[in-house]
Structures are given as C-alpha cells and as structure tokens.
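Structure record follows, encoded as structure tokens.
The values are calculated or read from the model by the stated rules, or taken from the named source; none is laboratory data. As the structure is a computational prediction, the values presented were derived from the model and not from experiment. When we count neighbours, we look across all protein chains shown, and the Cβ atoms used for this are built from the backbone with ideal geometry, even at glycine. Keep in mind that these areas ignore ligands, DNA and RNA; they rest on the heavy atoms of the full protein, side chains included. Shrake-Rupley method; radii C 1.70, N 1.55, O 1.52, S 1.80 Å.
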Amino acid sequence: MPHELQGIDSLAGKVVIVTGGARGLGRSISDGFAMAGAHVVLAGRNRATLDDAAAQIAAAGGSVLSFQADVSSEDSVEALCAAVVEAHGRIDVLVNNAGINPWYKAAEDTSLEEWRQIIDTNLTGVFLACKHAGRVMIAAGEGAIVNISSVAGRVGLAKTTAYCAAKGGVELLTRQLALDWARKGVRVNAIAPGYVQTDLTEGLLAHPVLGKRIVERAPMGRFAQPSELVGACLFLASSAASYVTGQSLAVDGGWTAA
Ligand code: NAD
C-alpha cells in the first residue's frame with residue numbers, strides 16, 4: 001500500500017477543547033473524542049454542569065478536564081487556552097460548538113441587544129477561540145479546528161436574522177482561516193447540522209405548528225440525534241482528513257439538498 005491508512009485512531013492522546021462541551025451536541029462530541037482516546041477539555045459557563053459532565057466522562061473511562069469560560073469574552077478565552085496549555089502542553093483540536101438560540105423574531109422586531117447577544121456568542125466567540133487556540137497550534141505547526149455552523153449559515157430561515165447572519169459568518173470565517181493557516185499546519189473546517197434534538201430546539205420540537213412543519217420539511221422526516229453529528233466531527237479533526245480544509249460538511253438529513 002502506498003500510504004499508511006489513517007483514521008480516527010489518530011485522535012488517541014490528542015488534546016481537544018470542546019466549547020459548550022457539557023451539554024447537547026457538544027456533550028455527544030466530547031463523549032466521541034473521549035471514546036477515541038483523546039484528552040477532552042470541556043469549556044463552558046456553568047461550573048456545576050461542567051463538573052457533572054466531566055464526572056460522567058471520567059466514569060466511562062475518558063480523560064477529561066473542564067474549565068469555566070465564556071466564549072464571548074476575549075479575556076476568558078485567552079485564559080482558557082493558557083490553562084489548557086499549562087495542563088497538557090498543547091492544543092491539538094478545537095471544536096467551536098458553544099452557541100445560543102435564535103430569538104425567532106423578524107428583523108424589524110429584533111433589538112440591537114438581541115442581535116449583539118447572538119453575534120457575540122455564535123460568531124465572535126468562534127473568532128476568539130480560533131484566534132487564541134490558533135496561536136498555540138501555529139506555534140506547534142499543527143492543529144485542527146471544527147466549527148459548528150448550521151444549515152442556517154447556508155440558507156435563510158424564517159425569523160432567525162442574527163442567528164443566520166452569525167452562522168453565515170462562521171461558514172466564511174472557516175474558509176478564510178483555512179487559507180491563512182493552510183501552510184501553517186492548521187486545518188479549519190465546519191459542520192453544518194440540520195435540526196438536532198437538544199435543549200436548544202426543545203421548544204421548537206414541542207411547538208404544535210412549528211415542530212410539525214420542520215419535521216414535514218425535513219427530507220428524512222425527523223430531527224437528528226446529537227450522536228449523529230459525532231462521526232463527522234471526529235473525521236474532520238483526525239488525520240483521515242489531513243488534506244481537507246476550508247470545507248463545511250452538512251449533516252442535515254438532506255435539508256440543504258432541497
Ligand atoms: P445547547 O443549548 O444544548 O448547548 C449549547 C452549549 O453552549 C451549552 O453547553 C451552553 O452552556 C454553551 N454556551 C452557550 N453560550 C456560551 C458562552 N458564551 N460561552 C461558553 N459556552 C456557551 O445547544 P446545542 O443544540 O447542543 O447546540 C450546539 C451548537 O450546535 C450551537 O452552536 C448551535 O448553534 C449548533 N446547532 C444546533 C442545532 C440544533 O438543532 N440543536 C442545529 C444546527 C446547529
């Protein structure tokens with residue numbers, strides 16, 4: 001064989017930060033990296049939720065640390081990256097998963113404060129984590145970043161002005177950083193999920209009209225489970241994707257194929 005077969009076994013021993021890693025999609029992604037033998041670092045705002053998730057991952061045999069961090073604060077993100085380097089000596093993978101809900105309001109009814117909250121977490125938070133973890137990766141000459149975007153970064157969805165703008169920004173930030181860092185050993189990719197059943201979409205799914213409408217519109221006729229996003233994330237972070245950068249992989253049950 002001309003090449004060594006590379007795969008997700010390359011993630012064993014890697015240091016992986018998952019923002020918002022204690023809950024929802026981030027929690028499934030953290031579980032996946034732990035199962036692949038990585039050292040997982042959960043980053044989030046709530047100490048109790050972080051402790052709980054870290055205890056469960058450790059009980060299942062995973063290597064895990066957790067740090068309190070708010071991705072919308074540069075000081076907080078910088079301190080997070082410094083703490084991870086102090087604990088592990090490096091950052092191999094960053095998964096920018098932390099995000100907040102759309103307000104489900106039309107643009108004309110969205111306040112500047114509501115707009116800023118979404119942009120600060122869902123777009124600026126991704127930039128800040130890429131910037132500070134990216135510096136560590138560039139110095140090491142290697143690293144992989146996976147940004148959790150959304151189908152809302154590819155198509156307009158009703159009454160999600162700031163959320164769509166933020167996720168569209170994440171899609172292009174992914175491609176832009178991939179170019180800047182391609183010769184520095186750092187790959188930057190994204191995953192664009194369709195509707196996934198988590199706390200973030202609980203209200204939508206339960207809504208008698210909207211929930212039904214989304215399920216009817218979804219080609220597969222259902223929401224995804226968080227575990228269905230994990231394989232794509234592990235792939236993009238692993239050496240199996242060593243020549244993949246600047247891409248966004250839709251894991252949307254066919255939503256954007258329509
Ligand atoms: P969730 O609400 O279950 O979890 C989000 C996590 O992010 C939580 O742990 C939360 O504490 C954390 N978080 C929020 N703001 C933060 C901040 N400022 N600093 C640090 N952590 C913060 O949501 P989820 O459904 O698991 O969503 C995860 C990601 O996937 C988000 O970026 C979301 O936009 C994206 N996404 C979700 C869906 C879906 O249908 N659930 C679809 C497409 C994309």
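Hey, can you grab everything whose amide H is under 5 Å from the amide H of Ile145? Only 5+ residues off in sequence or another chain; H modelled, so Pro and N-termini drop out.
Here Leu94, Arg187, Val188, Asn189 satisfy the definition.
Given the options Asp120, Asp199, Asp51, state which has the largest fluctuation in a GNM of the chain using a 10 Å cut-off (strictly under) for Cα springs.
Result: Asp199 has the largest fluctuation of those listed.
Using only the alpha carbons, work out the radius of gyration and Dmax of the chain in angstrom.
17.6, 60
Order of 22-28, 168-174 by packing, highest average Cβ count within 10 Å first? Mind showing how you got there, number by number?
Values: 22-28: 23.7, 168-174: 19.6.
Output ranking for 22-28, 168-174: 22-28, 168-174.
Would you tally the net charge around Met137, using a Cβ to Cβ cut-off of less than 14 Å, leaving Met137 out, and scoring K and R as +1, D and E as -1?
+4
If you line up the long axis of helix 125-140 against the longest principal axis of the chain, both from Cα atoms, how many degrees apart are they, to the nearest 10?
Roughly 20 degrees, rounded to the nearest 10.
Out of the total accessible area of the chain (probe 1.4 Å, heavy atoms of protein only), what percent is carbon and sulfur?
The computed percentage sits at 55.
Quick one: compute the contact order of the chain, relative version, from alpha carbon pairs under 8 angstrom and 6+ residues apart, as a percent.
That works out to 20 percent.
Would you grab the residues whose amide H sits under 5 Å from the one on His39? Only those 5+ places off in sequence or on another chain, please, with H modelled 1.01 Å from N.
The answer is Gly13, Lys14, Val15, Val16.
Under a GNM of the chain (C-alpha, springs under 10 Å), which listed residue has the highest mean-square fluctuation: Leu204, Leu234, Leu177?
Of Leu204, Leu234, Leu177, the Gaussian network model singles out Leu204 as fluctuating most.
Which whole-number percentage describes the relative contact order of the stretch 15-111, with Cα contacts under 8 Å and a sequence gap of 6 or more? Mind dumping the intermediate values first?
Values: 156 pairs, mean separation 31.0, N = 97.
The value is 32 percent.
Report the local net charge at Lys105: Lys and Arg +1, Asp and Glu -1, summed over other residues whose C-beta lies under 15 Å from its C-beta.
Charge balance near Lys105 sits at -2.
At 1.4 Å probe radius, can you tell me the per residue accessible area of the chain in Å²?
48
Compare Ala82, Ala98, Ala192 in a GNM of the chain, Cα atoms joined below 10 Å, and give the one with the largest fluctuation.
Fluctuation is largest for Ala82.
Rounding to the nearest 10 and keeping the result within 0 to 90°, find how far the Cα-based axis of helix 47-59 lies from the longest principal axis of the chain.
Roughly 60 degrees, rounded to the nearest 10.
Enumerate lysine pairs in the stretch 8-250 that are 8 or more residues apart or on different chains, then count those whose Cα atoms are under 26 Å apart.
So the count of such lysine pairs works out to 11.
What angle do you read, to the nearest 10 degrees and between 0 and 90, between the alpha-carbon axis of helix 74-88 and the longest principal axis of the chain?
Between helix and principal axis, roughly 40 degrees.
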